[in-house]
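K.L.:
Following this message is one structure expressed as C-alpha cells.
The values are calculated or read from the model by the stated rules, or taken from the named source; none is laboratory data. Remember, it's a predicted structure, so these values are computed and weren't measured experimentally. Positions of Cβ are generated from backbone atoms using ideal geometry, with glycine treated the same way; all protein chains shown enter the neighbour counts. Just the protein is used for accessible areas: all its heavy atoms, side chains included, with ligands, DNA and RNA removed. Shrake-Rupley method; radii C 1.70, N 1.55, O 1.52, S 1.80 Å.
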Amino acid sequence: MIQIAIDGPGGAGKTTLSKAIAKKLGIVYVDTGAMYRTVGLYVRDHGFAADDVPAVCALLPEIHIEVKFEDGVQNIYLNGVNPGDRIREPEISMYASGVSKIPEVRAFLLETQKEIARKNSVIMDGRDIGTVILPNADLKIFMTASPETRAKRRYIELTEKGQQVTFEQVMEEMMARDAQDAGREIAPAVPAEDAVMYDNSGLTFEESLESLLVFIKEKLGDKLENL
Ligand code: DC
C-alpha cells in the first residue's frame, strides 16, 4: 500500500495532476475537496449559510456521503444521488470552504477519507492530507503556483464548463477562499513539516506530470514496484 498526499491552494493543478499520476501508477485518486463540496451543496440547497454552525451541524445526520470508484473515477453519492458537476459551481467553492471551518464537518468526513486510504493505495488531494489525514504518508507534496497562474487555470476551467465568470471575479474569489482555508483554526491549509514544496508556475501540464513522476519514482521506487 502506498500513500501520496497532495495539498495546496486552489488552481495549483492538484486535481488534474493527481488524477493523471494515479492512472500512470495504477493507484486510486481521492478528491477530498469534492466531499466538502458535497456538504456545501447540501447546505446551500437547504437554504442555510455556510457559517450558520448550528444549522450545518443539525443537517449532518441527514447527509449520507458514499464514495465509489467506478472505472477508475471517484464518484460521490449524496443520499444515493450523484450530484455531478453541481458541486463545481463557483458558489459551491465558497460553501465548501465555509463548512470546512466547522470541526464537526471535518470530523464527519475524516473517517471516510482515512478508510479509503486503509483499503487502497492512494494519491489523495486536499488541504490537510499531509498534516491530518495521512500523517505517515510515503510522500507529501505541497503544490502551488503564482496567484495569476492559478486564477487563469480556474478561469479557463470554469468558462470551458460554460460558467459566466470574469477573470477578476475568479481571482477575487480564489484569494478570499485561500486566505480562509489557510487561516482557519482547525486543519489549516499549510504544508506539513515534511512536505516537499512544488511550484509549477510556468510549467505546462505535461512538464509538471513528467517531473512529478520522475520525482515520485525516485522517492518510492521499490514500493511502487511491489504494488
Ligand atoms: O479542493 P477543492 O477546491 O475542491 O476544495 C473545496 C474546499 O474544501 C476548500 O476551499 C477547502 C475545503 N477542503 C478542506 O478543508 N480540506 C480538504 N482536505 C479538502 C478541501
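K.L.:
Given labels modelled 7 Å from the Cα in the Cβ direction, how far is it in nm from residue 159 to residue 73?
P.N.:
The answer from the label model is 2.5 nm.
K.L.:
So, one more: Using the Karplus curve 6.51 cos²θ - 1.76 cosθ + 1.60 with θ = phi - 60°, what ³J(HN,Hα) values do you get for each residue of segment 212-223, in whole Hz, with x for Gly and Pro?
P.N.:
5, 5, 4, 4, 5, 5, 5, 6, 10, x, 4, 4
K.L.:
Could you work out the percent of alpha carbon pairs in segment 1-141 separated by over 23 Å, rounded to a whole number?
P.N.:
The answer is 30 percent, as a whole percent.
K.L.:
With the contact rule set at Cα under 8 Å and sequence spacing of 6 or more, what percent relative contact order holds for the chain?
P.N.:
33
K.L.:
Regarding segment 68-227, what is the average projected area of its C-alpha convex hull, in nm²?
P.N.:
10.8
K.L.:
Give the peptides 93-103, 200-210 in descending order of average Cβ contacts within 10 Å, highest first.
P.N.:
Packing order, densest peptide first, comes out as 93-103, 200-210.
K.L.:
So for the chain, taking the charge dipole from beta-carbon charges (+1 Lys/Arg, -1 Asp/Glu), which of 156, 15, 55 sits furthest toward the positive end?
P.N.:
15
K.L.:
Using the Cα centre of the chain as origin and beta-carbon charges of +1 (Lys, Arg) and -1 (Asp, Glu), tell me which of 198, 116, 179 is placed farthest towards the positive end of the dipole.
P.N.:
116
K.L.:
With just the Cα atoms defining each centre, how far is segment 34-83 from segment 161-212? Give it in Å.
P.N.:
Cα centroid of segment 34-83 versus Cα centroid of segment 161-212: 22 Å apart.
K.L.:
Something else about it: Take the residue pairs 101/161; 23/114; 101/152; 19/68; 152/219 and return only those whose Cα atoms are more than 23 Å apart.
P.N.:
101/161; 101/152; 152/219
K.L.:
Against the globular-protein guess of 2.2 N^0.38 Å, express the Cα radius of gyration of segment 18-96 as a ratio, rounded to two decimals.
P.N.:
Compared with the compact-globule rule of thumb, segment 18-96 sits at 1.19.
K.L.:
State to the nearest 20 debye the size of the charge dipole of the chain about its Cα centre, where the only charges are +1 on K and R beta carbons and -1 on D and E beta carbons.
P.N.:
So the dipole magnitude of the chain works out to roughly 320 debye.
K.L.:
Summing -39500 (n - 2.57) over the DSSP H runs of n ≥ 4 in the chain and dividing by its residue number, what mean residue ellipticity at 222 nm do you reach, to the nearest 500 deg cm²/dmol?
P.N.:
About -16000 deg cm²/dmol.
K.L.:
Given +1 on the Cβ of Lys and Arg, -1 on the Cβ of Asp and Glu, and no further charges, what dipole in debye does segment 153-227 carry about its Cα centre, rounded to the nearest 20?
P.N.:
So the magnitude is around 180 debye.
K.L.:
Regarding segment 67-159, what are the three Cα extents along the principal axes, ordered largest first, in Å?
P.N.:
Taking the Cα atoms of segment 67-159, the three principal extents are 36, 33, 32 Å.
K.L.:
State the percentage of accessible surface on segment 1-46 attributable to carbon and sulfur atoms; use a 1.4 Å probe and exclude ligands, DNA and RNA.
P.N.:
Answer for segment 1-46: carbon and sulfur cover 52 percent of the accessible area.
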